[in-house]
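Reading through the structure tokens given below for one structure.
The values are calculated or read from the model by the stated rules, or taken from the named source; none is laboratory data. All of these numbers come straight from a predicted model, not from anything done at the bench. All Cβ positions, glycine included, derive from the backbone under ideal geometry; neighbour counts span all protein chains shown. Keep in mind that these areas ignore ligands, DNA and RNA; they rest on the heavy atoms of the full protein, side chains included. Shrake-Rupley method; radii C 1.70, N 1.55, O 1.52, S 1.80 Å.
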Amino acid sequence: MRVRFERIWAGLARIGGGGADGYRRFAWTPVDLALRGWFEEEAARRGLTYERDRNGNQWAWWGTPGPGAVVTGSHLDSVPGGGAFDGPLGVVSAFLAVDELRERGVTPARPLAVVNFADEEGARFGVACVGSRLLTGVLSPADARKLRDADGVTLAEAMRAAGADPDALGRDEEALSRIGAFVELHIEQGRGLADLDAPVGVASAIWPHGRWRCTFRGEANHAGTTRLADRHDPMLPFASTVLAARESAERLGALATFGRVRVDPNGTNAIPSRVDAWLDGRAPDAGTVRAMVDEITEAARAAAAGHGVRVEVVAESTTPVVRFGDELRDRIAAALGGAPALPTGAGHDAGILSASVPTAMLFVRNPTGVSHSPAEHAGVDDCVAGVTALATVLEELACR
Ligand code: HGY
Ligand code: MN
Ligand code: MN
Ligand code: MN
């Protein structure tokens, strides 16, 4: 299995691009289409029946698609400068788990599918888990179609250019009715397993989290001729808000990040007219997230008022706490001989699916815990342990 893992991994890495600055595997771009082609080839190589659903998610079926299916997979897209493992490890492990089951001489008693969910990171259009949110109906087709990327291209235009039909988007009852259980394998984005010295674990929960767009509107003017007292510079309240967010997060035991900022007109010698900044807020419970975002909003308003700047804070997407069902999680942990269960602050398609179907997650040890970075890495032995564990879980769920 080690040789097989290294071979498929090297093949995927060649397609995914990437380099010292990490990957830019954005939805419906040429690299995404190449990865989608890879998925189809891996399905064909195994004699699996390939489908692309109305929301652009890819499925590879072992057995006739039907109710009670055991589904496993993840996503192939990345954040800007992302690592190789976040997403692809789950899809590669799913294909290899099919190989492993066949080598064990196992024939599933119910349909089994490998899935690649479209646009999990939301790197291009700003909303995470678009494919799984559309599948389950928590994102409306109309809202999805009008999402725009940094160049003003809508999701509808990008899908159409890629040969997909954006007018077909929507909750997919048939696809959902087929899923008896969904298991997502993912590199751990943290050091929980490393600290426990365990190669594989199961997810107990996903922290509630969300994205808020903070828009500061000031007054464009000349950097060299406008007195400080006459300025309405939106960059100043933005800067105060970043510091206030960190202070609030530290005090409340939460997490707050401004990782994406857009400055208009973005000229060195022009006082900005507008700053858009996106807050990523997370905490162990929804009340803390709410309290922190309220504090940050209040700080933004006070800072903006002090500079004659207007501010607006808009929630773009929020995800409630996900607690993976005890029954399925315990059954999986038992099948794995007592793998440790641990929570995560990272969002996943499994978190979105968990509102509609029985869902579980397996984590593979990440020695440094680093993710959403080119430095993200998991050791081959641990990746192979993940494949073996996933195969055992699939055997438990699909063959008992
Ligand atoms: O943002 C997240 O937590 C996930 O990696 N999409
Ligand atoms: Mn991610
Ligand atoms: Mn991921
Ligand atoms: Mn000039």
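Checking the structure you have, find out if any residue of the range 333-340 is crowded, with 23+ Cβ neighbours inside 10 Å, at pLDDT 95 or above and closer than 15 Å to Leu185 by Cβ.
no
Do we have Asp233 as in contact with a His (Cβ under 9 Å, 6 or more places away or on another chain) and either β-branched (Val, Ile, Thr) or more than 30 Å from Thr392 (Cα to Cα) (or both) here?
Values: in contact with a His (Cβ under 9 Å, 6 or more places away or on another chain): yes; either β-branched (Val, Ile, Thr) or more than 30 Å from Thr392 (Cα to Cα) (or both): yes.
Yes: the conditions hold for Asp233.
Somewhere in the range 364-374, is a residue within 16 Å of ligand 2 (Cβ to nearest atom), surrounded by fewer than 18 Cβ atoms within 10 Å (Cβ to Cβ) and among the polar types (S, T, N, Q)? Break it down into steps so the answer makes sense when it comes.
Keep residues of the range 364-374 that are within 16 Å of ligand 2 (Cβ to nearest atom), which gives 364, 366, 368-374.
Cutting the leftovers down to surrounded by fewer than 18 Cβ atoms within 10 Å (Cβ to Cβ) gives us 368-370, 373-374.
Cutting the leftovers down to among the polar types (S, T, N, Q) gives us 368, 373.
The answer is yes; a qualifying residue exists.
For the range 315-325, indicate whether the set of residues that are of a type in the set (A, V, I, L, M), assigned to a strand (DSSP E or B) and modelled with pLDDT of 95 or more is non-empty. Quick ask: steps written out before the conclusion?
Start the filter on the range 315-325 by keeping residues that are of a type in the set (A, V, I, L, M), which leaves 315, 321-322.
Right, trim to assigned to a strand (DSSP E or B) and you get 315, 322.
Retained after the next criterion (residues that are modelled with pLDDT of 95 or more): 315.
Yes, there is a match, as at least one residue in the range 315-325 is of a type in the set (A, V, I, L, M), assigned to a strand (DSSP E or B) and modelled with pLDDT of 95 or more.
Anything in the range 98-133 that is more than 26 Å from the chain's Cα centre (by Cα), farther than 14 Å from Leu390 by Cα and either within 16 Å of ligand 2 (Cβ to nearest atom) or of a type in the set (Lys, Arg) (or both)? List them, or say none.
Selection gives Arg110 alone.
Only residues that are open to solvent by 60 Å² or more (accessible area, probe 1.4 Å), of a type in the set (S, T, N, Q) and under 18 Å from Pro237 (Cα atoms): list them for the range 259-295, please.
The one that is open to solvent by 60 Å² or more (accessible area, probe 1.4 Å), of a type in the set (S, T, N, Q) and under 18 Å from Pro237 (Cα atoms): Asn266.
Starting from residues that are aromatic (Phe, Trp, Tyr), under 22 Å from the mean Cα position of the chain (by Cα) and farther than 15 Å from Ala346 by Cβ, keep the ones in the range 162-217 and report whichever is surrounded by the fewest Cβ atoms within 10 Å (Cβ to Cβ).
Just the residues of the range 162-217 that are aromatic (Phe, Trp, Tyr), to begin with: 182, 207, 212, 216.
Still in the running and under 22 Å from the mean Cα position of the chain (by Cα): 182, 207, 212.
Remaining after also requiring farther than 15 Å from Ala346 by Cβ: 182, 212.
Working: Phe182: 25, Trp212: 21.
Top of the filtered list is Trp212.
Would you confirm, using the coordinates I've provided, whether Val321 is open to solvent by less than 20 Å² (accessible area, probe 1.4 Å), closer than 20 Å to Phe182 by Cα and either within 16 Å of ligand 2 (Cβ to nearest atom) or among the hydrophobic types (A, V, I, L, M, F, W, C) (or both)? Break it down into steps so the answer makes sense when it comes.
Numbers: open to solvent by less than 20 Å² (accessible area, probe 1.4 Å): no; closer than 20 Å to Phe182 by Cα: yes; either within 16 Å of ligand 2 (Cβ to nearest atom) or among the hydrophobic types (A, V, I, L, M, F, W, C) (or both): yes.
Considered against the rule, which asks whether it is open to solvent by less than 20 Å² (accessible area, probe 1.4 Å), closer than 20 Å to Phe182 by Cα and either within 16 Å of ligand 2 (Cβ to nearest atom) or among the hydrophobic types (A, V, I, L, M, F, W, C) (or both), Val321 comes out as no.
Hey, can you tell me all the residues within the range 113-131 that are more than 9 Å from ligand 1 (Cβ to nearest atom) and crowded, with 24+ Cβ neighbours inside 10 Å?
Ala113, Val114, Val115, Asn116, Phe117, Ala118, Asp119, Arg124, Val130, Gly131
Can you pull out the strands (runs of 3 or more DSSP E) entirely within the range 153-228 that have at least 1 residues that are of a type in the set (A, V, I, L, M) and within 16 Å of ligand 1 (Cβ to nearest atom)? Give the derivation first.
Numbers: elements: 179-187, 200-206, 209-217.
Here the list reads 179-187, 200-206.
Name the residue, out of Ala109, Ala142, that is small (Gly, Ala, Ser), open to solvent by 40 Å² or more (accessible area, probe 1.4 Å) and within 23 Å of Pro65 (Cβ to Cβ).
On the way: Ala142 fails: within 23 Å of Pro65 (Cβ to Cβ).
Going through Ala109, Ala142 in turn, just one is small (Gly, Ala, Ser), open to solvent by 40 Å² or more (accessible area, probe 1.4 Å) and within 23 Å of Pro65 (Cβ to Cβ): Ala109.
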